[in-house]
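See below for the structure under consideration.
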Amino acid sequence: MRPSQRKLDELRPVSIETDVMRHAEGSCLIKMGGTHVLCTASLEDRTPPFLKNTGQGWVTAEYGMLPRATNTRNRREASAGKQTGRTVEIQRLIGRSLRAGIDRVALGERQITVDCDVIQADGGTRCAAITGGWVALRIAVNRLLKAGILTSDPIVDHVAAVSCGFYAGQPVLDLDYDEDSEAGVDGNFVMLGEARMIEVQMSAEGSVFSRPQMDQLIDLAQTGVAQLISAQKAAI
């Protein structure tokens, strides 16, 4: 039995509230159970230097966690003078994931930065950030299309992510912290629509996993991502 009493293939309750920030071109607050992430998309009429005069745009991401997002206070990374390796790894993952769902030529020479700030953490923060970050990006692009700044839609597909793992020997969908901290195997699965995969991060802790077990988690992830894409569509 899962600590949350959920079924093995059951997501935590998901809600996505849009337009929560006045000044951002796109924004949402995504809640997946006890994990709450504020996502904003900001437009700049410039690209990184390596893309200058290429006709291509760029989507990048930044990720952070508020000091009391967890049960004990974490020191602000700004006060430490540098980001942790975990933060850098996560924001690169978010950026890679969102770029997989966009046509950068259609975006033109402009950059959209998606900021993902964890207000409250209970496992799966990077997955919630990717899923909510796509919604913020979609809203920002919609505004560009409506204003006539873009003539064709650069977003080619939905992007969403979910965690899966083996808890107490059973494959489970959307691990919360209690499950994640005790899981023998856990993974993060980033997918486009129609279950096409962008990235899979799997690791074993005190256990190992077989190819059939990996396939079980991929099947669970496909189920979860399909539901998250439905939530994205409903929010927009």
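The values are calculated or read from the model by the stated rules, or taken from the named source; none is laboratory data. Not measured: the values here are computed from a predicted model. When we count neighbours, we look across all protein chains shown, and the Cβ atoms used for this are built from the backbone with ideal geometry, even at glycine.
Just a few scattered comments:
For (1) touching a Pro at 6+ places or on another chain (Cβ under 9 Å); (2) modelled with pLDDT of 95 or more; (3) surrounded by 24 or more Cβ atoms within 10 Å (Cβ to Cβ), each residue gets a yes or a no:
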| residue | (1), (2), (3) |
| --- | --- |
| ASP103 | yes, yes, no |
| ILE112 | no, yes, yes |
| GLN120 | no, yes, no |
| GLY124 | no, yes, yes |
| GLY132 | no, yes, yes |
| VAL135 | no, yes, yes |
| VAL141 | yes, yes, yes |
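- Any hit, region 70-80, residues being under 15 Å from ALA128 (Cβ atoms), crowded, with 19+ Cβ neighbours inside 10 Å and not charged (D, E, K, R): no
- Only residues that are closer than 20 Å to ALA168 by Cβ and either in contact with a Ser or Thr (Cβ under 7 Å, 6 or more places away or on another chain) or in a loop (DSSP other than H, G, I, E, B) (or both) were counted in region 189-220, giving 6.
- The combined condition, being farther than 21 Å from PRO48 by Cβ and under 13 Å from the mean Cα position of the chain (by Cα), is not fulfilled by ARG138.
- THR54, sole failed condition from (1) free of Cβ contacts under 8 Å to residues at least 24 places away in the same chain; (2) of a type in the set (Ser, Thr, Tyr); (3) part of a loop (DSSP other than H, G, I, E, B): (1)
- Search result, residues across region 164-188 that are in a loop (DSSP other than H, G, I, E, B) and either touching a His at 6+ places or on another chain (Cβ under 7 Å) or modelled with pLDDT under 95 (or both): ALA168, GLY169, SER181, GLU182, ALA183, GLY184
- For the condition touching a Gly at 6+ places or on another chain (Cβ under 6 Å) and surrounded by 19 or more Cβ atoms within 10 Å (Cβ to Cβ), VAL190 does not qualify.
- Residues in region 172-188 that are of a type outside the set (Ser, Thr, Tyr) and either in contact (Cβ under 8 Å) with a residue 40 or more places away in the chain or farther than 27 Å from GLN5 by Cβ (or both): VAL172, LEU173, ASP174, LEU175, ASP176, ASP178, GLU179, ASP180, ASN188.
- Counting only helices (runs of 4 or more DSSP H) wholly contained in region 76-149, the ones carrying 1 or more residues that are without any contact (Cβ under 8 Å) to a residue 12 or more places away in the chain occupy 77-80, 85-99, 125-146.
- Any pair with Cβ under 6 angstrom, 6 or more apart, that starts in region 197-226 at a residue that is among the hydroxyl-bearing types (Ser, Thr, Tyr) and surrounded by 15 or more Cβ atoms within 10 Å (Cβ to Cβ) and ends at one that is outside any helix (DSSP H, G or I) and modelled with pLDDT of 95 or more: THR223/ASP9
- Residues that are in a strand (DSSP E or B) and either touching a helix residue (DSSP H, G or I) at 6+ places or on another chain (Cβ under 9 Å) or crowded, with 18+ Cβ neighbours inside 10 Å (or both) within region 36-51 comprise HIS36, VAL37, LEU38, CYS39, THR40, ALA41, SER42, LEU43, listed in sequence order.
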